[in-house]
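What follows is a short report on a single structure.
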Amino acid sequence: MTKKSDGESYLPLTPAAFNILLALADGEKHGYAILKEVARRTEDKVRLSAGTLYGNLARLESAGMILESDRRPEVALDDQRRRYYKLTKFGREVAVAEARRMEEALAQAHAKNLLRKPETA
């Protein structure tokens, strides 16, 4: 039996937490932008409520997976009420570990013929 890394001890992530980490993987975003990114990327299959988003942001920040950013957009483009978040190195490690866990589960589903293998061109 192998010892889990610190990041693996957070697995499995909830779908909301994983989607928030994914939304931040390509750059800093404020809460509303995270909501929109998740809805767009999942074609509205995942829609986070404000309560779910902000509860998860607090937990992810407390766990050291995200940080509130000090950087702000230009004053003309900014709303001072917005808080911007960014993924930490640890948060990226946890997101990668979760993606690998999901990939392994998917491989097991394929092995049990629950899913059809993708056709090759």
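Structure data summary
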| item | result |
| --- | --- |
| Given charges at beta-carbon only (K, R positive; D, E negative), |dipole| of the chain in Debye | 260 debye |
| Accessible surface of the chain [probe 1.4 Å, protein heavy atoms]: carbon and sulfur percent | 53 percent |
| Probe 1.4 Å, all protein chains present, accessible-area order of K36, K86, K29, K112, largest first | K112, K36, K86, K29 |
| Amide H contacts of I66 (H built 1.01 Å from N, under 5 Å, at least 5 apart or other chain) | E61, T88 |
| Residues whose placed amide H lies under 5 Å from that of K29, excluding near-sequence neighbours | Y85 |
| Residue-level accessible surface for V96, protein heavy atoms, 1.4 Å, Å² | 60 Å² |
| Nearest-10 value in Å² for the accessible area of E104, using the 1.4 Å probe | 110 Å² |
| Heavy-atom surface of the chain, accessible at 1.4 Å and reported per residue (Å²) | 72 Å² |
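The values are calculated or read from the model by the stated rules, or taken from the named source; none is laboratory data. All figures in this text were calculated on a predicted structure; none of them were measured in a lab. So basically every Cβ, Gly included, is an ideal-geometry build from the backbone, and we count neighbours across all protein chains shown. Note: accessible area is taken over every heavy atom of the protein model, side chains too, but ligands, DNA and RNA are not part of it. Shrake-Rupley method; radii C 1.70, N 1.55, O 1.52, S 1.80 Å.
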